[in-house]
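**Q** There's a structure below that I have some questions on.
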Amino acid sequence: MIIIKNLDITYPGKRKVKAVDNVSLEIKKGEIFGIIGLSGAGKSSLLRAINGLVRPTSGEVWVDGVEITRLSSKELLSLRQKIGMIFQHFNLLDSRTVFGNVAFPLEIGGYPRERIKKRVMEVLELVGLLDKADSYPRELSGGQKQRVGIARAIAANPKILLCDEPTSALDPQTTGQILKLLAEINRKLGITIVIITHEMRVITEICDRVAVMDNGRVVEEGVVTDVFLNPWHPITKEFVNTVISKELPEEVLLQARTKRPDREVLLLRFAGNTANEPVVSRIIKETGVELSILYGNIGHLKDVPYGILAVEIFGDENKRDKVRQILHELSVKLEVV
Ligand SMILES: Nc1ncnc2c1ncn2[C@@H]1O[C@H](COP(=O)(O)OP(=O)(O)OP(=O)(O)O)[C@@H](O)[C@H]1O
Ligand SMILES: [Mg+2]
């Protein structure tokens with residue numbers, strides 16, 4: 001759907017800034033692709049290159065089989081009809097009602113009046129704002145404003161929705177609602193979504209794949225579960241730690257450091273189906289070790305359950321080897337603390 005090849009974006013000026021540095025990415029049709037990075041990492045520049053709002057210094061951007069860096073301004077305008085965009089600060093027109101805001105791209109697209117009316121009502125219903133059609137943006141909450149932004153972005157039936165930090169100005173609860181709405185739009189309408197953020201939560205709750213940006217470069221990329229459970233770049237580790245700390249509580253560490261020959265403390269990390277398997281009961285039943293749980297943290301990555309568990313096992317060397325074998329069979333990742 002979107003292919004980015006060796007993209008460079010350098011802003012001219014006295015001190016040249018290389019905002020995007022040799023980035024290559026492929027975003028598949030129908031997926032929700034997240035790009036996470038700290039402020040200034042180059043996320044917005046990269047996102048804007050996808051709809052031609054920013055012209056790259058070098059490299060290629062392919063959207064639906066078309067190389068867009070070669071398009072004329074007029075061709076770009078018609079391409080943007082296929083690509084909706086939403087923003088952190090909503091960017092609504094204050095002088096227009098909710099209806100007027102959502103109708104705007106359709107008016108520009110030259111749709112007949114009756115069709116505009118029908119379509120605006122359709123998308124307002126989809127985002128849950130039918131009753132606000134005649135309100136003005138100043139009369140809405142942040143979450144409602146973003147819903148208007150989303151309705152406007154999908155009004156012209158785009159194939160792609162670009163989201164520039166869509167929840168960064170919202171409280172946690174409203175963030176959850178907007179993320180749910182985006183996931184629903186992706187599922188119901190099959191729109192490919194690219195979302196940039198500095199919040200790990202946005203990635204874990206709705207994204208299928210993620211790229212981590214630092215200093216203009218993509219430093220890590222992959223399926224969210226893989227990246228989340230095995231981050232290797234320091235920046236990624238930091239982001240992951242904001243959602244689920246892999247640092248064990250002090251008292252657990254203390255206990256682990258007190259060495260005894262007949263026991264050890266293990267840190268188990270599991271994801272997907274294994275998270276549902278009765279790992280602990282199987283270990284106890286099949287090996288005869290005694291086990292106590294010191295610390296646990298279970299969550300969800302989109303639809304995939306994952307968790308970490310620190311357990312203390314008591315038993316001889318032989319039994320403990322058996323434990324390792326079972327964990328290996330269940331593809332549970334294991335660290336001795
Ligand atoms: N129009 C511009 N002219 C000059 N420099 C720019 C321009 N836009 C961005 N930059 C610079 O490019 C770098 C990347 O900026 P960009 O906005 O892409 O980062 P970002 O990851 O979106 O950051 P944030 O999370 O703060 O929005 C920054 O150093 C920024 O100062
Ligand atoms: Mg930005």
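**Q** Output the antiparallel fraction of DSSP beta bridges having both residues in the range 2-241, as a percent to the nearest 5.
**A** Beta bridges within the range 2-241, antiparallel portion: roughly 50 percent.
**Q** Taking a cut-off of 28 Å between Cα atoms, list the lysines near residue 117, but don't count ones fewer than 8 places away on the same chain.
**A** 74, 82, 132, 145, 159, 180, 188
**Q** Also, quick follow-up: What are the residues whose amide H is under 5 Å from the amide H of residue 17, where those residues sit 5 or more places off or on another chain and H is modelled from the backbone?
**A** Residues meeting the amide H criterion: 11.
**Q** Report the net charge of residues surrounding residue 37, where surrounding means a beta-carbon distance below 10 angstrom and charges are Lys +1, Arg +1, Asp -1, Glu -1.
**A** +1
**Q** In addition: Near the amide H of residue 168, under 5 Å away, which other amide H atoms are found, from residues 5 or more places off or on another chain, if H is placed in the peptide plane?
**A** none
**Q** Specify the inter-centroid distance of the range 298-315 and the range 1-62, based on alpha-carbon positions, in whole Å.
**A** Going from one Cα centre to the other spans 36 Å.
**Q** Taking the mean number of other Cβ atoms within 10 Å as a proxy for protection, how do you rank 78-90, 281-293, 142-154, 42-54 from highest to lowest?
**A** 142-154, 42-54, 78-90, 281-293
**Q** How far is helix 98-108 tilted, in degrees, relative to the longest principal axis of the Cα atoms in the chain, given as a value from 0 to 90 rounded to the nearest 10?
**A** Rounded to the nearest ten degrees, it is 70.
**Q** Please give the FRET efficiency for residue 325 paired with residue 171, using the beta carbon to beta carbon distance and R0 = 51 Å, rounded to the nearest 0.05.
**A** So the FRET efficiency works out to roughly 0.60.
**Q** As a test of understanding, state the convex hull volume per residue of the range 2-241 from its alpha carbons, in Å³. Spell out each step's value before the answer.
**A** Details: hull volume 31.2 nm³, N = 240.
Value for the range 2-241: 130 Å³ per residue.
**Q** Same structure again: Please determine, in degrees from 0 to 90 and to the nearest 10, the orientation of helix 317-329 with respect to the longest principal axis defined by the Cα atoms of the chain, where the helix direction is its Cα long axis.
**A** So the inclination is approximately 20 degrees.
**Q** Report the residues of the range 294-326 in range of a label on residue 258: point 7 Å along Cα→C-beta, backbone N strictly under 17 Å from it.
**A** The answer is 294-295, 311-315, whose backbone nitrogens lie closer than 17 Å to the label point.
**Q** Using helices alone, what [θ] at 222 nm do you get for the chain, with -39,500 (n - 2.57) per DSSP H run of 4 or more residues, divided over all residues and rounded to the nearest 500? Walk me through the numbers before you get to the answer.
**A** Details: 12 runs with 125 residues, N = 337.
Helix-only estimate at 222 nm: -11000 deg cm²/dmol.
**Q** In nm, to one decimal, how far is the residue 24 label point from the residue 75 one, both placed 7 Å along Cα→Cβ?
**A** 2.4 nm
None of the figures in this text is laboratory data; all of them are computed from the coordinates on show. Predicted model, so just to flag it, every value in this text is computed and none were measured. So basically every Cβ, Gly included, is an ideal-geometry build from the backbone, and we count neighbours across all protein chains shown.
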